[in-house]
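The values are calculated or read from the model by the stated rules, or taken from the named source; none is laboratory data. This one's a predicted model, so the numbers in the text were calculated from it and none came from an experiment. Ideal geometry is used to build each Cβ from the backbone, glycine not excepted, and the neighbour counts take in all protein chains shown.
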Amino acid sequence: MAQAIDPNEIKDKLRTGPSPHIRKARTYYGVMTEVLIALIPPAVAATFFFGWWVIGMLAIGIGTAVASEYIYQKLTYKPIKIHDRSAMVTGALVALSLPVTAPIWMIVFGSVFAIVIVKQMNGGIGKNYFNPAVAARVVTKALFTPWLANWVLPGGFLGSGYRGVDAISSATPLESIGHRAQTVSEQVPELFDLFMGFNLGGNIGETSKIAILIGMLYLIFRGIIHPKIPILYILTTVLVMGFWSSFNFEFMMAHALTGTLFFGATYMATDYSSGSLTPQGKTVFAIGCGLLTAFFRITFDYPGGVGFAILIMNALSPFIDSKLMPRIYGHERRPQVKFNRQKR
């Protein structure tokens, strides 16, 4: 016969409290620390392929970003929040988004622009209209193309040449398969080399896709990013390029493994404050990024398109969330919400 249970005994063991019921506390500086950990694989790969100067670039980018945030908050009498480590993430992303031959002043400019203009002048962390690192990347590329246009081949951490790289430059592989191209030219490396990062120049943090994939999986398993954003972003871009090329597999995979697609989908499109917050909004945001990236690659004689795609979807994300707010249980309509970035 089952033993009777005293209801009062059970009641004493229950812990009650107001919602939300969070099993484990998660702080913003904790999230930023996880992102920094996820950036270690591409940073290590960049050091291996391009030399020890990569560490110097990361130090300059992170140091400038943190110093810029501290000085701005100090001069404007705002609370000092450099301890949240978001500036460190931004500085690291700016540095990894540049080629190893980028001059020091360009790293400094990118970090200062990202922190002061894009982040702090729009209200600080959590109130950004655009992802600071993406905005800095696009502006830097637009203003200083002569220093960023060439594809510099890696020489390895023991290589010769400028700061550990061989001083050999040519058009980027993406230029060979973009702008209405429908086949893969001989100038594009093999798919395995594109995936691993062998003999592939460009921005230091974006060459090794396997390293970025490790970082992506880490963020997904740690619950830092939603897997649908990077997966849908990459998949949408690849499928559109498939339709464009009559499903040429090599062409589709070449687009997936060249340029900033993997890096941007993992570390930039997943930004909390500048991306969509609602479940359906995340889906629309990711698919929109993929459609725009493919459109830019097909239509314009301009390599990439990831940065512009993310910025456009950043601008649209408040509107998307306002239209796709989850319906409250028991209500027939979605709640009517006016989108305001400052209250996100």
>> Among the residues of segment 238-291, what is the count of those that are farther than 17 Å from MET313 by Cα, assigned to a loop (DSSP other than H, G, I, E, B) and in contact with a helix residue (DSSP H, G or I) (Cβ under 8 Å, 6 or more places away or on another chain)?
In response: 4
> Can you find even one residue in segment 242-253 that is of a type in the set (A, V, I, L, M) and surrounded by fewer than 24 Cβ atoms within 10 Å (Cβ to Cβ)?
Replying inline: yes
> Among the residues of segment 93-146, which ones are touching a strand residue (DSSP E or B) at 6+ places or on another chain (Cβ under 8 Å) and either surrounded by fewer than 19 Cβ atoms within 10 Å (Cβ to Cβ) or under 24 Å from ILE37 (Cβ atoms) (or both)?
Replying inline: VAL100
> What number of residues within segment 95-143 satisfy the criterion of being modelled with pLDDT under 90, assigned to a helix (DSSP H, G or I) and among the charged types (D, E, K, R)?
Replying inline: 1
> For segment 39-82, how many residues meet the condition of being closer than 23 Å to THR140 by Cβ, in a helix (DSSP H, G or I) and out of contact with any Lys or Arg (no Cβ under 6 Å at 6 or more places or on another chain)?
Replying inline: 27
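Take segment 222-237 and flag every residue that is touching an Asp or Glu at 6+ places or on another chain (Cβ under 6 Å) and either hydrophobic (A, V, I, L, M, F, W, C) or in a helix (DSSP H, G or I) (or both).
Listed by number, the list holds a single entry, ILE224.
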>> Can you report the number of residues in segment 196-206 which are crowded, with 20+ Cβ neighbours inside 10 Å and out of contact with any strand residue (DSSP E or B) (no Cβ under 7 Å at 6 or more places or on another chain)?
In response: 6
